[in-house]
Amino acid sequence: MGADRLSRSVRLATGVTVPYLEQGDRQAAAVLLLHAWTESSACFDRLLRAVPPTLRIIAMDQRGHGDADKPADGYALVNFADDIEAFMDAVGLQSAVLLGSSSGGYVAQQVAVQVPHRVDGLVLVGAPRSLQGRPAFADEVDRLTDPVDPRWVEESLSWFPRYHDVPDWYIKDRIRDGVRVPAHVWVAGLTGLTTAVPPSESGTITAPTLIIWGERDELLPLQDGYLLAAAIPRSRLIVYEDTGHLVLWEQPERVASDLAAFVAGL
């Protein structure tokens with residue numbers, strides 16, 4: 001936890017209040033971090049420790065997650081993207097590099113399609129090209145009730161095999177993230193993601209883009225990474241060997257290094 005890290009909250013024009021944290025050089029170009037479905041901005045704790053202080057990093061809790069408001073509805077992909085634009089307005093960001101982990105990268109792609117002038121670059125970490133269709137675990141999600149059982153959240157991690165050691169404290173934090181997400185957000189968030197038109201099919205992403213993929217991703221096979229790279233002009237794909245879908249969990253230091261190099265090259 002850096003001494004220069006600040007935590008605040010802001011009310012968005014879309015009607016939700018979201019907390020966010022910021023660290024690094026406030027005069028530098030901004031990097032906005034977008035967490036995955038049922039996580040929170042705290043998933044970036046290990047990344048934040050590894051990024052150089054010369055980067056201005058901002059991480060927010062998205063609607064329904066962490067300490068953000070949890071409305072009854074509004075969990076379509078475009079709702080999340082609208083929140084990102086409203087957040088940038090609220091904190092005075094004209095534009096930013098967006099780094100999205102897993103489905104957070106799907107949201108980032110949607111922002112890049114909707115408001116391309118607000119996106120200086122994309123770093124898509126284990127992010128899908130498409131999530132259309134019903135995943136095998138959807139029936140389990142549909143049966144959730146409040147309060148969400150932490151034992152079930154822990155068991156759900158088996159959906160995403162890991163190939164590198166991840167600290168126990170970090171895994172426990174992600175279980176707490178899942179417990180804090182109400183059942184209706186688990187369901188509506190998954191539905192919003194799996195029914196959305198893939199952003200790379202609804203428009204052309206023109207932002208410079210770095211795609212980071214786990215070689216052993218079982219949720220999103222590597223072939224999907226090549227298809228995503230083909231769908232985004234002039235994008236670059238990096239494959240992390242012996243890494244699963246949870247790239248951010250498994251290799252935060254390497255992601256931090258690749259992020260810093262990408263921003264330096266813009």
Inset, instruction - When a/c is below 1.5 the answer is rounded, else prolate if a/b is larger than b/c, else oblate, so apply that to the stretch 167-266 with a ≥ b ≥ c taken from the square roots of the Cα gyration tensor eigenvalues. - result: oblate
Inset, instruction - Over the chain, give the accessible area per residue in Å² for a 1.4 Å probe, as an integer. - result: 41
Inset, instruction - Calculate, axis by axis, the spread of Cα positions in the stretch 17-100 along the three principal axes, and write the results as whole Å, longest axis first. - result: 39, 27, 18
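For the stretch 1-56, what's the relative contact order in percent, using C-alpha pairs closer than 8 Å and at least 6 residues apart?
Values: 61 pairs, mean separation 20.1, N = 56.
Relative contact order comes out at 36 percent.
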Inset, instruction - Using Cα centres only, tell me the gap between the stretch 202-239 and the stretch 1-64 in whole Å. - result: 24
Legend entry - Long-range tail of P(r) for the chain (Cα pairs > 32 Å, %): 13
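Please give the charge dipole size of the stretch 115-225, origin at the Cα centre, charges +1 on K and R Cβ atoms and -1 on D and E Cβ atoms. Round to the nearest 20 debye. Show your work: numbers first, answer last.
On the way: 11 positive and 17 negative charges, 50 e Å.
Its charge dipole is roughly 240 debye.
Could the peptides 19-29, 136-146 be put in order, highest first, of the mean number of other beta-carbon atoms found within 10 Å of their residues?
Numbers: 19-29: 16.3, 136-146: 12.3.
With the highest mean Cβ count within 10 Å placed first, the list reads 19-29, 136-146.
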Legend entry - Residue among A59, A230, A86 with the largest mean-square fluctuation in a Gaussian network model of the chain, springs linking Cα atoms under 10 Å: A230
Inset, instruction - Please list the radius of gyration and Dmax for the stretch 218-266, considering alpha-carbon atoms only, with Å as the unit. - result: 11.9, 32
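Given all pairs of different Cα atoms, what value in angstroms does the Kirkwood hydrodynamic radius of the stretch 133-225 take? Before the final figure, lay out the partial values.
Working: mean 1/r = 0.0640 Å⁻¹.
Kirkwood hydrodynamic radius for the stretch 133-225: 15.6 Å.
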Legend entry - With eigenvalues of the C-alpha gyration tensor scaled by 5 and rooted, the stretch 81-197, Å: 28, 17, 15
Legend entry - Dipole magnitude of the chain, debye to nearest 20 (Cβ charges: Lys/Arg +1, Asp/Glu -1, about Cα centre): 540
Legend entry - Cα-projected label distance for A50 with L157, points at 7 Å along beta-carbon direction, nm: 1.7
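The values are calculated or read from the model by the stated rules, or taken from the named source; none is laboratory data. Remember, predicted model here, so these are calculated numbers, not experimental data. Positions of Cβ are backbone-derived with ideal geometry, glycine not excepted, and every protein chain shown enters the neighbour counts. Ligands, DNA and RNA are excluded from the accessible area calculation, which covers all protein heavy atoms including side chains. Shrake-Rupley method; radii C 1.70, N 1.55, O 1.52, S 1.80 Å.
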